[in-house]
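Novice: Can you keep this structure in mind? I'll have questions shortly.
Read-outs: derived from the displayed coordinates by stated rules, not from any lab. Bear in mind the structure is a predicted one, so any value in this text is a computation, not a measurement. All Cβ positions, glycine included, derive from the backbone under ideal geometry; neighbour counts span all protein chains shown.
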Amino acid sequence: MVVGNEYCFYSFYSEGPKGLIEKAAIYTKMQEGLYNLAFGDWNADIQSLDDSIRTNNGDRDKVLATVAFTALDFTNQYPNTLLSFEGSTPARTRLYQMGIGNNLSEINKNFEIRGLRLQKWEPFMQGINYDAFLAQRK
Amino acid sequence: MSATSKKRKHLPGITVDPNMRDYSKDPYVLKKAERARELIAKYPIPEDMLRKKPK
C-alpha cells in the first residue's frame, strides 16, 4: 500500500479472480478536525475514482479491512480528527455497515463509531441500518 | 480541535510515494466531499465528539 506526501491519499490493490484492481481511500478535509473518507476503484476509462462498480474480486472483507487500516494510519498522522463516511448508494452504505459490524470488536479497540439513523447520530450497533457514519479515534 | 500532522511513522506495509496521483480534484472525491458537507450541515457532529480528545 502506498500513501501520498500529505498522508491523505492511500492506494492499494484488490487481488482476485479478476486480477489486480487499483483502489484508493481518500481523506478530504471538511473543516478543522473533520475529514471525509471516500473510497473507490480507479476507473481508467473515466480517469476518476468510482464506487459504483461491483468488483466481485472475491476479497471484499480484505478490502474493507484495508480501508480500516488506512483509517488507523491516517488518524495516527492526524490524531485529533473525526472521520465521516457513507456509501454513494444505500446498498454501498449497507456494505460498509456490514463491514463494520463484522469487525466491530476489533474496530472498537481503536475507534468509536456512530451511525446516522432517524436523523440522529447514535452509537453503532450491529444489525441496525444507518445512513452514514462517524469514526473517532479512542 | 486541531488536525495538525505529526508526521508519525506509518503502519507496517505502508510506504510513502511522493509521485502518487493527486486525487484532490477527482470528481468523485469532490462529489463525496460535497455530499458530506451537506450531511454534516443537516446533522451536525454531536457535541460530545467535538469535545473529546483522543488518549
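Novice: Do you know which of the residues in segment A:31-55 that are within 15 Å of A:Gln136 (Cα to Cα) and in contact (Cβ under 8 Å) with a residue 40 or more places away in the chain is nearest to the chain's Cα centre (by Cα)?
Specialist: Step by step, filter segment A:31-55, then rank; the result is A:Leu37.
Novice: If you don't mind, another one. From the list A:Gln126, A:Gln136, exactly one residue is more than 10 Å from every other protein chain (Cβ to nearest Cβ) and not aromatic (Phe, Trp, Tyr). Which is it?
Specialist: A:Gln126
Novice: Here's a follow-up. Would you mind telling me which numbered condition in (1) facing another protein chain (nearest Cβ under 7 Å); (2) in a helix (DSSP H, G or I) A:Pro79 fails?
Specialist: All conditions are met except number (2).
Novice: Considering only segment A:14-31, I want to know if a residue exists there that is farther than 20 Å from B:Asn19 by Cα, within 12 Å of chain B (Cβ to nearest Cβ) and assigned to a loop (DSSP other than H, G, I, E, B). Even if it seems obvious, please write down each step before you answer.
Specialist: Quick first cut of segment A:14-31, residues farther than 20 Å from B:Asn19 by Cα only: A:14-20, A:29-31.
Next cut, within 12 Å of chain B (Cβ to nearest Cβ) only: A:29-31.
Checking which are assigned to a loop (DSSP other than H, G, I, E, B) leaves us with none.
No, every residue in segment A:14-31 fails to be farther than 20 Å from B:Asn19 by Cα, within 12 Å of chain B (Cβ to nearest Cβ) and assigned to a loop (DSSP other than H, G, I, E, B).
Novice: Look at segment A:32-51 and say how many of its residues are touching a helix residue (DSSP H, G or I) at 6+ places or on another chain (Cβ under 9 Å) and more than 8 Å from every other protein chain (Cβ to nearest Cβ).
Specialist: Within segment A:32-51, residues that are touching a helix residue (DSSP H, G or I) at 6+ places or on another chain (Cβ under 9 Å) and more than 8 Å from every other protein chain (Cβ to nearest Cβ) number 4.
Novice: Cβ-Cβ below 9 Å, separation at least six or inter-chain, first residue in segment A:108-120 and aliphatic (A, V, I, L, M), second assigned to a strand (DSSP E or B) and crowded, with 19+ Cβ neighbours inside 10 Å: which pairs?
Specialist: Close Cβ pairs satisfying both conditions: A:Ile113/A:Phe133; A:Ile113/A:Leu134; A:Ile113/A:Ala135; A:Ile113/A:Gln136; A:Leu116/A:Phe133; A:Leu116/A:Leu134.
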